[in-house]
Amino acid sequence: MAAPTESISEPGPAAGNFSRLTKYYPRWREVPLYRAALAAGDFSRLPLITKREIRKNFPGNFLRAGQSLDALLAEKSVELEHTSGTSDERTAVLFARGWWDAQEERVLRLNGFIASVLDAYPAARRATLVPPVCNGVVCFSNFMAKSARTLGGTLFVNQARIPFLLADEELARMADEVAEWSPQFLDLDPVHGVWFARFCERNGIRFPSVKFILCSYEFVSVVHRKILERVFGVPVFNLYGSTEAGHLLVETDRGEMRGCAENVFYEIINADETGIGELVVTTLTNEIMPLLRYRVGDLVQRDGENYRVHGRCRDAVRRRDGRRVTTLEVDRCFDGVSGIVHYQLRQTEGGACALQFISDAVPVAAGDLKRLTARLANLLGLKNEIRAVAVEKLPPQTSGKFRLTSRVEP
């Protein structure tokens with residue numbers, strides 16, 4: 001386990017304080033991964049963990065004495081899933097059966113509008129469009145029948161890793177399935193969702209049953225949100241989390257990102273002068289595989305009881321003076337800009353930047369594009385103009401997710 005050398009900011013009101021975790025100690029001491037570290041009893045000095053510690057000796061690092069993964073799976077008391085592999089190699093994770101849905105509902109109900117829909121539709125259906133590798137249902141190398149992609153109240157619609165390559169016939173199949181399913185909400189990867197939305201817009205397709213849209217799986221840009229709201233005409237909310245830790249934050253109907261203290265204990269480490277630091281979480285309800293002081297790999301900023309999600313640590317770029325610039329800070333430059341479906345800002349080792357973007361049906365105006373690149377150059381402290389190029393597609397990572405910002409490191 002990694003040494004706890006990082007500087008730690010005090011938990012905010014939403015997180016409470018370390019003392020409220022003592023009631024969990026007896027249960028956590030049964031977990032081999034934490035047994036020795038918890039002997040001292042001081043949570044604040046526990047080592048931080050990453051996916052590396054999750055993988056090492058899995059599942060023996062989490063199973064209690066006398067437990068067997070084969071036996072637990074045979075009796076159907078646990079679920080075995082895998083992370084997408086965006087930031088690291090794919091990692092196996094364990095949940096008690098029913099845990100995922102329960103923790104998700106607690107988080108979703110922090111949003112008053114979503115809570116009202118769930119109350120009105122106790123068996124609310126969703127249609128999900130995500131990279132196939134992000135779920136255990138769909139494999140993009142083989143077509144699967146709709147029945148095989150339906151789990152309870154969830155229909156997994158997308159079967160392609162790269163949305164920009166989808167033929168209209170496949171998009172039409174997806175739209176027909178969503179219309180037939182009549183979901184109460186859409187659960188979208190923002191890039192996959194936007195590409196689907198543009199097809200629906202071109203063909204005048206709407207889904208009257210849909211009350212709201214959740215954007216998760218990766219960072220949702222202001223350009224994504226603008227198109228989704230324009231096409232579907234319903235509220236779009238950001239749902240933030242990870243496969244291994246569950247849902248961590250949700251956007252409320254007031255536009256604030258709120259955490260769930262019943263599910264998670266939150267810390268921020270290595271915060272800069274503006275309060276932006278790396279998120280560390282302790283999961284409180286996954287008894288089979290609790291994560292203690294887990295480094296999610298994302299940058300966040302606390303504002304009272306609320307949080308701002310700034311994007312992946314590794315996706316941050318740098319100003320000419322060396323200061324870190326996050327994906328959120330870059331994305332704010334696109335606020336008010338129309339005509340862009342998706343983008344990627346890439347920075348070389350020397351600090352030079354290039355912007356590639358996919359145009360909307362009505363492309364971004366030349367003057368707006370010039371003002372956008374000037375904003376980006378000012379944000380990054382660059383003397384030279386940022387070159388912007390329209391492209392037909394942008395490559396995803398192996399996980400099927402996309403990077404809005406990236407830097408070539410030495």
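The values are calculated or read from the model by the stated rules, or taken from the named source; none is laboratory data. Given the structure is predicted, the values throughout are model-derived calculations rather than measurements. Note that we place each Cβ from the backbone using ideal geometry, even for glycine, and neighbour counts take in every protein chain shown.
Yes/no matrix, rows are residues, columns are (1) assigned by TED's automatic domain parsing to the domain that holds residue 195; (2) more than 22 Å from the chain's Cα centre (by Cα); (3) within 26 Å of residue 230 (Cβ to Cβ):
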site: 366; (1), (2), (3): no, yes, yes
site: 369; (1), (2), (3): no, yes, yes
site: 375; (1), (2), (3): no, yes, yes
site: 384; (1), (2), (3): no, yes, no
site: 391; (1), (2), (3): no, yes, yes
site: 396; (1), (2), (3): no, no, yes
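If I ask for residues that are surrounded by fewer than 16 Cβ atoms within 10 Å (Cβ to Cβ) and either of a type in the set (D, E, K, R) or in a helix (DSSP H, G or I) (or both), which ones from region 152-169 would you list?
The answer is 165, 168, 169.
Taking region 379-394 as the region of interest, how many residues are closer than 30 Å to residue 159 by Cα and either surrounded by 11 or more Cβ atoms within 10 Å (Cβ to Cβ) or in contact (Cβ under 8 Å) with a residue 40 or more places away in the chain (or both)?
The number of residues fulfilling the criteria is 5.
Have a look at 14, 37, 2 and point out the one that is assigned by TED's automatic domain parsing to the domain that holds residue 282, at pLDDT below 90 and either of a type in the set (Ser, Thr, Tyr) or under 22 Å from residue 261 (Cβ atoms) (or both).
Result: 14 is the single residue among 14, 37, 2 that is assigned by TED's automatic domain parsing to the domain that holds residue 282, at pLDDT below 90 and either of a type in the set (Ser, Thr, Tyr) or under 22 Å from residue 261 (Cβ atoms) (or both).
Please go through region 33-71 and pick out each residue that is within 30 Å of the chain's Cα centre (by Cα), hydrophobic (A, V, I, L, M, F, W, C) and in a loop (DSSP other than H, G, I, E, B).
46, 48, 58, 62, 63
Any idea how many residues of region 309-325 are in contact (Cβ under 8 Å) with a residue 60 or more places away in the chain, part of a loop (DSSP other than H, G, I, E, B) and not aliphatic (A, V, I, L, M)?
The number of residues fulfilling the criteria is 3.
Here is a yes/no grid of residues against (1) without any contact (Cβ under 8 Å) to a residue 12 or more places away in the chain; (2) over 21 Å from residue 50 (Cβ atoms); (3) under 18 Å from the mean Cα position of the chain (by Cα):
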| residue | (1), (2), (3) |
| --- | --- |
| 228 | no, yes, yes |
| 247 | no, no, yes |
| 254 | yes, yes, no |
| 269 | no, no, no |
| 273 | yes, yes, no |
| 284 | no, no, no |
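How many residues does region 72-116 contain that are among the basic types (Lys, Arg), more than 25 Å from residue 254 (Cα to Cα) and more than 17 Å from the chain's Cα centre (by Cα)?
Qualifying residue count, region 72-116: 2.
Output yes when any residue across region 351-359 is outside the structural domain of residue 264 (by TED's automatic domain parsing) and touching a helix residue (DSSP H, G or I) at 6+ places or on another chain (Cβ under 7 Å), and no when none is.
yes
Conditions tested, residue by residue: (1) small (Gly, Ala, Ser); (2) part of a strand (DSSP E or B); (3) at pLDDT 95 or above; (4) in the same structural domain as residue 64 (by TED's automatic domain parsing).
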| residue | (1), (2), (3), (4) |
| --- | --- |
| 218 | no, no, no, yes |
| 237 | no, yes, yes, yes |
| 248 | no, yes, yes, yes |
| 262 | no, no, yes, yes |
| 272 | no, no, yes, yes |
| 295 | no, yes, yes, yes |
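When residues of region 261-299 are filtered for being under 22 Å from residue 323 (Cβ atoms) and touching a helix residue (DSSP H, G or I) at 6+ places or on another chain (Cβ under 7 Å), how many remain?
Total meeting the criteria: 4.
Mind listing just one residue for me: the one in region 324-351 that is over 24 Å from residue 230 (Cα atoms) and surrounded by 15 or more Cβ atoms within 10 Å (Cβ to Cβ) and, of those, farthest from the chain's Cα centre (by Cα)? Even if it seems obvious, please write down each step before you answer.
Of region 324-351, the ones over 24 Å from residue 230 (Cα atoms) are 324-326, 345-351.
Pick out the ones that are also surrounded by 15 or more Cβ atoms within 10 Å (Cβ to Cβ) and you get 324-326, 345-347, 351.
Working: 324: 21, 325: 19, 326: 15, 345: 19, 346: 21, 347: 23, 351: 27 Å.
Per the stated criteria, the residue is 351.
Please find, among 191, 178, 210, the residue that is within 30 Å of residue 91 (Cβ to Cβ) and either surrounded by 15 or more Cβ atoms within 10 Å (Cβ to Cβ) or at pLDDT 95 or above (or both).
Working: 178 fails: within 30 Å of residue 91 (Cβ to Cβ); 210 fails: within 30 Å of residue 91 (Cβ to Cβ).
Testing whether each residue is within 30 Å of residue 91 (Cβ to Cβ) and either surrounded by 15 or more Cβ atoms within 10 Å (Cβ to Cβ) or at pLDDT 95 or above (or both) leaves just 191.
If residue 229 satisfies all but one of (1) surrounded by 20 or more Cβ atoms within 10 Å (Cβ to Cβ); (2) on the phi < 0 side of the Ramachandran plot, what's the number of the condition it fails?
Here residue 229 clears every test but (1).
Taking region 86-145 on its own, how many of its residues are at pLDDT below 95, aliphatic (A, V, I, L, M), in a loop (DSSP other than H, G, I, E, B) and out of contact with any helix residue (DSSP H, G or I) (no Cβ under 6 Å at 6 or more places or on another chain)?
3
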